[in-house]
Amino acid sequence: KLVAFFQRQLISESRRSTCGVTGSPSGNIELLKEAGSFIADLCYSLAKDVSNFKKDEEEQLPEELSDDSLNVHARKLVDRDGSNIVIDSKGGLAEVHISEETFIKLRDRYCGE
């Protein structure tokens, strides 16, 4: 179905772009069908990659999610622009700076235990 959708869209857009222009429609219908098939295959492939990545990441996460199990902690940093929250790994491998307002919104959205 996705293949047919992209093929129809490409052909339709091709015809629409040549509307009012004298001469034959731009592009070959067969070429547009091949392009539609290629785009659909690309979409399927990317969707599969995203699904596999999600599954792999979920397998690596501990069952009980906490700051300690993820090896992260947050600290407050006051700079010239105001207050920021720094979230970093205890091993120093990664560091994220967010505003205190954003941190509070994220904390309030948290639904865990």
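Can you work out ³J(HN,Hα) from phi for every residue in region 81-93, in order, using Karplus 6.51 cos²θ - 1.76 cosθ + 1.60 and θ = phi - 60°, giving whole Hz and x for Gly and Pro?
7, x, 9, 10, 10, 10, 10, 9, 7, 5, x, x, 7
If Rh is defined by the Kirkwood formula over all Cα pairs and Rg also comes from Cα, what ratio Rg/Rh do you get for region 32-102?
Expressed as Rg/Rh, it is 1.26.
Nearest 500 deg cm²/dmol is fine: what mean residue ellipticity at 222 nm does the chain get from its DSSP H runs of n ≥ 4 alone, each adding -39,500 (n - 2.57), divided by its residue count?
-18500 deg cm²/dmol
Within the chain, how many Lys pairs sit with Cα atoms under 23 Å apart, leaving out pairs fewer than 8 places apart on the same chain?
Close lysine pairs found across the chain: 5.
Which percent of the accessible heavy-atom area of the chain goes to carbon and sulfur, probe 1.4 angstrom?
56 percent
The values are calculated or read from the model by the stated rules, or taken from the named source; none is laboratory data. Keep in mind the model is a prediction, meaning the values are calculated, not measured. Quick note on the areas: whole protein, heavy atoms, side chains included, nothing else; ligands and nucleic acids left out. Shrake-Rupley method; radii C 1.70, N 1.55, O 1.52, S 1.80 Å.
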